[in-house]
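Asks: Please read through the structure below; I'll follow up with questions.
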2 protein chains.
Amino acid sequence: MRPWEDNIRKVVPYVPGEQPKKKNMIKLNTNENPYPPAPGVEEAMKSLDTDRFRLYPDPAADVLVAALAERYGLEKNQVFVGVGSDDVLAMAFLTFFNSDKPVLFPDISYSFYSVWADLYRIPYERPALDEAFCIRKEDYYKENGGVIFPNPNAPTSLAMGLSDVEDIIAHNQDVVVIVDEAYIDFGGQSALPLLEKYENLLVVQTFSKSRSMAGMRIGYAMGNPALIKALNDVKYSFNSYTMNQTALCLGVEAVKDEVYFRETVGKIKATRERTKERLSALGFVYPEPSANFIFASRPGTDAKALFEALKEKDIYVRYFNVPRIDQYLRITIGTDEQMDKLFEFLKNYLNH
Amino acid sequence: MRPWEDNIRKVVPYVPGEQPKKKNMIKLNTNENPYPPAPGVEEAMKSLDTDRFRLYPDPAADVLVAALAERYGLEKNQVFVGVGSDDVLAMAFLTFFNSDKPVLFPDISYSFYSVWADLYRIPYERPALDEAFCIRKEDYYKENGGVIFPNPNAPTSLAMGLSDVEDIIAHNQDVVVIVDEAYIDFGGQSALPLLEKYENLLVVQTFSKSRSMAGMRIGYAMGNPALIKALNDVKYSFNSYTMNQTALCLGVEAVKDEVYFRETVGKIKATRERTKERLSALGFVYPEPSANFIFASRPGTDAKALFEALKEKDIYVRYFNVPRIDQYLRITIGTDEQMDKLFEFLKNYLNH
């Protein structure tokens, strides 16, 4: 080892889902939205003045913060924006989880949580989900340095009821509790109404799923002004100007179009219902999905072999080679046409 | 204090230059380029397919990495990109400066260095520039956990000769040495040719100055593949998808147009020469500038009062209320027309 390598931080990075660039592939592996962003996004882009790119963007991201505050009935000082919800969560771990006690999150959950904890050398414990993949709220009653969980959970797609979410927050008022609501627009109840009651609650959401803007990298956190100020202080200690001019301008358009938002979310939920029926008919089982994906297993059919066979045909779903869930596939809800092609393959593969 | 506030990271954030939104202001305070980005940027934006925004961007930012590698005669595995050079430097501090020994950087320098060190609790020492604001290379011969300095330096605009830069690298082959070349296209010699000789050297540059793209947030680092891999590992442990689709696509256009790049840099250097003469004629003194700004002082004229008077007239320059440099103003080189307005004011203010 060369001496300068001694000081390099050793990490085991998060591995994102594949981003293959094949024509005509069916991409159901990274929970993207099958529908384009709101029509206003294209119009706004066409009218952007590229000459202004020579200037720094607004470091406070005011237009986007204002649009989100209005949409959710909050004050601007209750909203923080970042480069996707991963950026927001990375900042939140760095800002709020500075304790010798372990941060708590479920054993089966968004796999980035342990990566951030390892990156910053934050101790953590991962209470196991129960047999039905549900979070056991009692596991979060012990002393800890913070709590984070997704609702609905990933990759299970299971939502926890708001009273259970509140129970966990109520038992942890001495630490910051982050509810990661990347998928909340597709099902489940948001913890947003609890912001008035719990000043230690941070709710994180994203433009990558329900707003069809994964490619623009926009995420946001909502919480009481003290939490948001702490997040902004750390952001200004990391990179003052995180949101580029296009993200600011186009993000506003995506927030403004409530009609289009409801329409596309509605279509995805309808396709999810049809997908559930068809999966059941083929003998698949799955926890009740509330997100834009289904976590499905088929007794007697090896998940990894099926994953590979699908990939062979340019149908991409997500497989996690991880204990307890290695017989499951996470299947994103695409368009009806995309799901048709998936089922055409599955019927053939399973000799139905 | 509420109990959950105990675990919040305490920081003193970097304070970016003001971003006022006044019409007709003369903005010479954040070293932006007065000319628009390359014409290809506008064309590329008009032809972007917003429907694709629903998909995640390429996490490896391959098109942009490839364009930069080609431009600088490097391999792709020698180039790392981030959300502005601040993002690149924030990742570099986190990746490379993990030692109990202090990181070294000059006392008068980019003020973000100490902010990153404080954020990550990295020990540091700041050897003083000499009376002429030059880096004393001997100050960097002592044991340390890493070295970083800008060349040309900010806010002084002074460049260090390549042999002195090499001398510092040669004396520090056991740690990572970062040369922050945000302004190198405007003057001074890049350390890039030294990459072949020193595997512990990282050179950081940006699209925000010479490429007129501050608003798009693109920065990059160049170094040997082991350093670039370590940076990417940390990036994938922080946020897999940092560069949005517009930054990737428009960034490539900005790199490709070498003719436009040379033309705008040439215009700024010519204006800098004229500005030097006019400042001298008015009794200002300044270190020889190599960047797109001049760090000027006028014996007998209070810098802070002048800064305030300029601001009154919507002419923005940068003032640092910091020991040793509190009688200087950092003046960005704008267009000739903008500089005319500055001098019109100065002549009047100084009763010339």
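The values are calculated or read from the model by the stated rules, or taken from the named source; none is laboratory data. Everything quoted here is computed from the prediction, not taken from an experiment. Glycine also receives a Cβ, built like all others from the backbone with ideal geometry; neighbour counts cover every protein chain displayed.
Asks: Quickly run through the stretch B:140-186 and pick out the residues that are assigned to a loop (DSSP other than H, G, I, E, B) and either in the same structural domain as B:Y328 (by TED's automatic domain parsing) or acidic (D, E) (or both).
Replies: B:E143, B:D174, B:E181
Asks: Quick one: in the stretch B:40-66, of everything that is part of a loop (DSSP other than H, G, I, E, B) and facing chain A (nearest Cβ under 7 Å), which residue is farthest from B:A214 (Cα to Cα)?
Replies: It comes out as B:L55.
Asks: Any residue that is touching a residue at least 12 places away in the same chain (Cβ under 8 Å) and closer than 26 Å to A:R217 by Cβ - is there at least one of those in the stretch B:122-133?
Replies: no
Asks: Do we find a residue being modelled with pLDDT of 95 or more, surrounded by fewer than 19 Cβ atoms within 10 Å (Cβ to Cβ) and under 15 Å from the mean Cα position of the chain (by Cα) anywhere in the stretch A:190-203?
Replies: Yes, the stretch A:190-203 contains a residue that is modelled with pLDDT of 95 or more, surrounded by fewer than 19 Cβ atoms within 10 Å (Cβ to Cβ) and under 15 Å from the mean Cα position of the chain (by Cα).
Asks: If you go through the stretch A:275-288, how many residues are of a type outside the set (S, T, N, Q) and either part of a helix (DSSP H, G or I) or in contact with a Gly (Cβ under 7 Å, 6 or more places away or on another chain) (or both)?
Replies: 5
Asks: If we scan the stretch A:259-278, do we find a residue that is under 30 Å from B:M213 (Cβ atoms) and either of a type outside the set (A, V, I, L, M, F, W, C) or modelled with pLDDT of 95 or more (or both)?
Replies: No: zero hits.
Asks: Quick check: is even one residue across the stretch B:177-184 within 11 Å of chain A (Cβ to nearest Cβ) and either over 14 Å from the mean Cα position of the chain (by Cα) or not aliphatic (A, V, I, L, M) (or both)?
Replies: Within the stretch B:177-184, one or more residues are within 11 Å of chain A (Cβ to nearest Cβ) and either over 14 Å from the mean Cα position of the chain (by Cα) or not aliphatic (A, V, I, L, M) (or both).
Asks: I've got another one for you. Inspect all residues belonging to the stretch B:31-39 and state whether any of them is within 30 Å of B:Y113 (Cα to Cα) and assigned to a helix (DSSP H, G or I).
Replies: Among the residues of the stretch B:31-39, not one is within 30 Å of B:Y113 (Cα to Cα) and assigned to a helix (DSSP H, G or I), which makes the answer no.
Asks: Taking the stated definitions as given, is A:T264 assigned by TED's automatic domain parsing to the domain that holds A:G82, within 21 Å of the chain's Cα centre (by Cα) and either assigned to a helix (DSSP H, G or I) or surrounded by 16 or more Cβ atoms within 10 Å (Cβ to Cβ) (or both)?
Replies: no
Asks: Another question about this same structure. Please list, ordered by first then second residue, the pairs with beta carbon atoms under 6 Å, 6 or more apart or interchain, first in the stretch A:203-228 and away from chain B (no Cβ under 11 Å), second part of a strand (DSSP E or B) and of a type in the set (S, T, Y).
Replies: A:Q205/A:Y220
Asks: With the requirement that a residue be touching a helix residue (DSSP H, G or I) at 6+ places or on another chain (Cβ under 8 Å) and surrounded by fewer than 17 Cβ atoms within 10 Å (Cβ to Cβ), what does the stretch B:20-39 give you?
Replies: B:P39, the sole residue that qualifies.
Asks: Quick one: in the stretch B:13-39, of everything that is without any contact (Cβ under 8 Å) to a residue 24 or more places away in the chain and within 7 Å of chain A (Cβ to nearest Cβ), which residue is farthest from B:Q338 (Cα to Cα)?
Replies: B:P16
Asks: Quick one: which of B:Y110, B:Y183 is touching a residue at least 12 places away in the same chain (Cβ under 8 Å), surrounded by fewer than 24 Cβ atoms within 10 Å (Cβ to Cβ) and under 30 Å from B:L248 (Cβ atoms)?
Replies: B:Y110
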